[in-house]
Amino acid sequence: AKEMGSNFERIPEGKGPYSVGCTDLMTGHSIQGSFLRLYYPSQIGTSDEETIWIPNKEYYYGLSDFLNINRTLGGFFFTCNFGSVTCPAKWNAAFKLGEKYPLIIFSHGLGAFRTLYSAICTEMASRGFVVAAVEHRDQSSSATYYLNEKPALGAKGEASELHKEWIYYRKLKAGEDEVALRQQQVQQRADECVRALDLMLDINSGKQIVNVLPLNFNWMLLKDSIDVQKIAVMGHSFGAATTIEALSKNVQFKCGIALDAWMLPLCEEVYPRVRQPLLFINSEKFQWALNILEIKKLNYKDRERKMITIKGTVHQSFPDFTFLTGNIVGKIFGLKGQLNPNTAIDVSNKASLAFLQKHLGLNKDFDQWDSLLEGKGHDVIPGTNIDLPPMPPQSKQ
Ligand SMILES: CCN(CC)CCN(C[C@]12C[C@](c3ccc(C(F)(F)F)cc3)(C1)C2)C(=O)Cn1c(SCc2ccc(F)cc2)nc(=O)c2c1C=CC2
């Protein structure tokens, strides 16, 4: 029965000591505003409601557009298979007070959106991080929305009702130059990560913020809850390129983690401007010489660059779909590799935690996984799995 679309598989829970809460935050009434899903250490027992994984049917329509399938068909397929999936975090649970947490800003991939990396985000939150998964409005998301203040029809205009304005995935037009589009989008995406950071810092300073989403979550509890010296940026694929661009824009990001980086959207000019430590975690299959050559252009004297490859993994081993289909369907659609998806995300998360402890100066026990960063371990190899011609020495900077 497992193969027939019923999903006994679940998104894995965080393995750390903290109970995890989740809520959404949207500011402003235009696409210039911020939209993020927050995963955070929560007070146990303050909510027993699990978080809806894909909260609106319009995300299914956007995914159908992205996957080039008919919206009615796709909508039906997604609703049947994923409509009741929850992510293992308690919806609107009370924020856990009493300590300052390091902060991660997370950037999703092409055709994804803020909720699809919950296995990574809940694991980090269970280890004592606050994680803000941004939703990009550059039309690289399958779908996203903002709330328009439109005066309710017929009313005297005093009660303006909020209306969802949906923005769907922008397909490449015939003959369109993809590089130009992606270079423009990566700039907007990096700006949105910086804006999300600024928003979280405002919240940390106790500034009153207006969440235009009708949710009862007390943001004032986050006053003085972020360790503002311990901030990282992280992302998958297009979100990894965004991570690199965001590091070059704001030095408050102390380090970055690039999951299966897609380097096409980046210009050479950015490479000398990325001084912070960078970890590349690659899947076995999403690697090709030109992409690796671009990554190597980030190597400068006395700049920390680490790369590992997780054996038996594919590009989709990082987003949540990898946990939610049976083995046969999963392998056919490239959603699963040979390695068990739970093991794969475990290796990626542990390597990430070890890197974050080292470069954010955490005093936790994540250094137990330092060997993974050297590519030592059952499922990892150091660097890349493709062989390249020897590199000419990088120009000194
Ligand atoms: C379709 C034609 N073409 C579009 C441009 C390529 C589509 N494609 C391969 C796909 C995503 C795939 C997918 C998802 C989800 C199901 C589902 F059925 F399970 F929902 C199935 C099948 C289809 C595997 C990718 O774009 C891969 N990719 C991604 S995938 C991020 C993502 C998107 C949607 C999700 F639901 C989960 C994760 N993020 C990037 O930043 C980059 C790339 C490539 C370069 C840069």
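The condition of being touching a residue at least 12 places away in the same chain (Cβ under 8 Å), in a strand (DSSP E or B) and within 15 Å of the ligand (Cβ to nearest atom) holds for only one of Phe106, Phe113, Phe78, that being Phe106.
Name the residue that is nearest to Thr144 (Cα to Cα), counting only residues in the stretch 55-68 that are outside any helix (DSSP H, G or I) and near the ligand (Cβ under 9 Å from one of its atoms).
The qualifying residue nearest to Thr144 (Cα to Cα) is Leu67.
Condition first: assigned to a loop (DSSP other than H, G, I, E, B) and either surrounded by 16 or more Cβ atoms within 10 Å (Cβ to Cβ) or in contact with a strand residue (DSSP E or B) (Cβ under 6 Å, 6 or more places away or on another chain) (or both). Now tell me which residues in the stretch 344-363 satisfy that. If the condition is that a residue be assigned to a loop (DSSP other than H, G, I, E, B) and either surrounded by 16 or more Cβ atoms within 10 Å (Cβ to Cβ) or in contact with a strand residue (DSSP E or B) (Cβ under 6 Å, 6 or more places away or on another chain) (or both), then Leu362 is the only one that fits.
Could you tell me whether any residue of the stretch 144-155 is of a type in the set (S, T, N, Q) and in a strand (DSSP E or B)? Steps first, please.
As a first pass, look at the stretch 144-155 and keep what is of a type in the set (S, T, N, Q): 144, 148.
From what is left, the residues that are in a strand (DSSP E or B) are 144, 148.
Among the residues of the stretch 144-155, at least one is of a type in the set (S, T, N, Q) and in a strand (DSSP E or B), which makes the answer yes.
Thr46 meets the conditions (1) more than 12 Å from the ligand (Cβ to nearest atom); (2) under 23 Å from Asp138 (Cα atoms); (3) loosely packed, with under 15 Cβ neighbours inside 10 Å in every case but one. The failed one is (2).
Filtering the stretch 227-242 to residues that are away from the ligand (no atom under 16 Å from the Cβ), among the aliphatic types (A, V, I, L, M) and within 19 Å of the chain's Cα centre (by Cα) leaves Ile231, Ala232.
From the set of residues in the stretch 116-126 that are more than 10 Å from the ligand (Cβ to nearest atom) and not acidic (Asp, Glu), which is surrounded by the fewest Cβ atoms within 10 Å (Cβ to Cβ)? It comes out as Ser126. The test for being crowded, with 22+ Cβ neighbours inside 10 Å, β-branched (Val, Ile, Thr) and farther than 20 Å from Pro389 by Cα holds for Ile310. Per the listing Pro265, Pro272, the residue uniquely within 16 Å of the ligand (Cβ to nearest atom) and over 30 Å from Asn340 (Cβ atoms) is Pro265. Among the residues of the stretch 94-102, at least one is more than 14 Å from the ligand (Cβ to nearest atom), closer than 20 Å to Val194 by Cα and not in a loop (DSSP other than H, G, I, E, B).
Take Glu9 and decide whether it is surrounded by 15 or more Cβ atoms within 10 Å (Cβ to Cβ), over 21 Å from Glu135 (Cβ atoms) and modelled with pLDDT under 95. Yes: the conditions hold for Glu9. Kindly indicate whether any position in the stretch 321-336 is over 30 Å from Phe78 (Cα atoms) and at pLDDT 95 or above. Within the stretch 321-336, none of the residues are over 30 Å from Phe78 (Cα atoms) and at pLDDT 95 or above.
What do you reckon, is Asn68 at pLDDT below 95 and farther than 30 Å from Ile226 by Cα? No: the conditions fail for Asn68.
With the requirement that a residue be assigned to a helix (DSSP H, G or I) and buried (at least 24 other Cβ atoms within 10 Å of the Cβ), what does the stretch 317-343 give you? Give the derivation first.
Step one: of the stretch 317-343, the residues assigned to a helix (DSSP H, G or I) are 317, 320-323, 327-332, 341-343.
Across the stretch 317-343, the qualifying residues are Ser317, Asp320, Thr322, Pro341.
For the stretch 278-315, give me each residue that is within 16 Å of the ligand (Cβ to nearest atom) and in a strand (DSSP E or B). Hits for the stretch 278-315 are Phe280, Ile281, Asn282, Ser283. Can you name the residue in the stretch 248-262 that is among the hydrophobic types (A, V, I, L, M, F, W, C) and within 12 Å of the ligand (Cβ to nearest atom) and is also surrounded by the most Cβ atoms within 10 Å (Cβ to Cβ) among such residues? Among residues in the stretch 248-262 that are among the hydrophobic types (A, V, I, L, M, F, W, C) and within 12 Å of the ligand (Cβ to nearest atom), the one surrounded by the most Cβ atoms within 10 Å (Cβ to Cβ) is Ala261.
The values are calculated or read from the model by the stated rules, or taken from the named source; none is laboratory data. Remember, predicted model here, so these are calculated numbers, not experimental data. For neighbour counting, all protein chains shown are included, and Cβ atoms are generated from backbone atoms with ideal geometry for every residue, glycine included.
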